[in-house]
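J.: The structure is given below, and queries will be raised subsequently.
What follows is calculated from the coordinates using simple rules that are stated; it is not laboratory data. Bear in mind the structure is a predicted one, so any value in this text is a computation, not a measurement. Methodologically, a virtual Cβ is constructed for each residue, glycine included, from the backbone with ideal geometry; neighbour enumeration extends over all protein chains shown.
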Amino acid sequence: MDERTLRNDIIHAARSMNGLGINQGTSGNISARCGDRMLITCSATPYDQMRPEDLASMSLKQAGGAWTGPLKPSTEWPLHLEILRGRPDMGAVVHTHATYCTTLSILRRPIPAVHYMVAAFGGAEVRCA
């Protein structure tokens, strides 16, 4: 996939999360592998105002957190970077603040794998921290 299409897809996914109630306001973030770089949503910017060219680009190989783009990357960039570095088989990271998942995590209760796609990730439940 070319970078322009990937940038558009990230923005579409971010806006869809808000529309579906998975995120509220500026919470959560999305990153995707783009060759040897990571594209990530920007910090403190509402998704309905974010444009594809606003996404920050960061090297997956260099240390230090240097980025290019007009806006700062999400403050969660280290989490995204380490996941994509550690799992070359993964193409994207989606971090949400879904209301019910947040509630279950506060209660320290696992989320049951009620859908086969959840179970496909390796178990009968998703543990919450």
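J.: Under 10 Å, Cα contacts only: if you run a Gaussian network model on the chain, which one of LEU55, LEU107, LEU39 comes out with the highest mean-square fluctuation?
T.: Top of the fluctuation ranking is LEU107.
J.: Then there is this: How long is the chain along each principal axis, judged by its Cα atoms, biggest number first, in Å?
T.: So the three principal-axis extents are 39, 30, 27 Å.
J.: How far apart, in nm, are two points set 7 Å out from the Cα along the Cα-to-Cβ line at ARG15 and at ILE83?
T.: 2.3
J.: Related question: From the mean inverse distance of alpha carbon pairs (Kirkwood) and the Cα radius of gyration, derive Rg over Rh for segment 30-76.
T.: Result: Rg/Rh = 0.95.
J.: Which residue fluctuates the most in the chain, going by a Gaussian network model with Cα springs under 10 Å, if the choices are PRO73, PRO112, PRO46?
T.: Among PRO73, PRO112, PRO46, the largest GNM mean-square fluctuation belongs to PRO112.
J.: Could you work out which residue, out of GLY64, GLY21, GLY35, moves most in a Gaussian network model of the chain, that is, has the largest mean-square fluctuation with Cα springs under 10 Å?
T.: GLY64
J.: Please identify the trypsin sites (Lys or Arg not before Pro) of segment 51-129 that satisfy two criteria: DSSP loop assignment and at most 11 other Cβ atoms within 10 Å. Which are they? Please report the intermediate quantities before stating the final value.
T.: On the way: sites: LYS61, ARG85, ARG108, ARG127; in loops: LYS61, ARG108, ARG127.
Here the trypsin sites (Lys or Arg not before Pro) that fit, given the DSSP loop and packing criteria, are LYS61, ARG108, ARG127.
J.: Further, regarding this structure: Per residue of segment 88-98, what does 6.51 cos²θ - 1.76 cosθ + 1.60 with θ = phi - 60° give for ³J(HN,Hα)? Whole Hz please, x for Gly and Pro, Karplus curve as stated.
T.: Values, residue by residue: x, 7, 9, x, 7, 10, 10, 10, 10, 10, 4 Hz.
J.: Determine the calculated [θ] at 222 nm for the chain from helices alone, applying -39500 (n - 2.57) to every DSSP H run no shorter than 4 residues and normalising by the residue count; nearest 500 deg cm²/dmol.
T.: -9000 deg cm²/dmol
J.: Could I ask something else about it? With a Förster radius of 22 Å, plug the Cβ-Cβ distance of HIS97 and GLU53 into 1/(1 + (r/R0)^6) and report the FRET value to the nearest 0.05. Intermediate values should be presented prior to the final figure.
T.: On the way: r = 25 Å, r/R0 = 1.15.
For HIS97 and GLU53, the calculated efficiency is 0.30.
J.: Okay, moving on. Which net charge results when you count Lys and Arg as +1 and Asp and Glu as -1 among the other residues whose beta-carbon is under 13 Å from that of THR45?
T.: Once all neighbours under 13 Å are counted, the net charge is 0.
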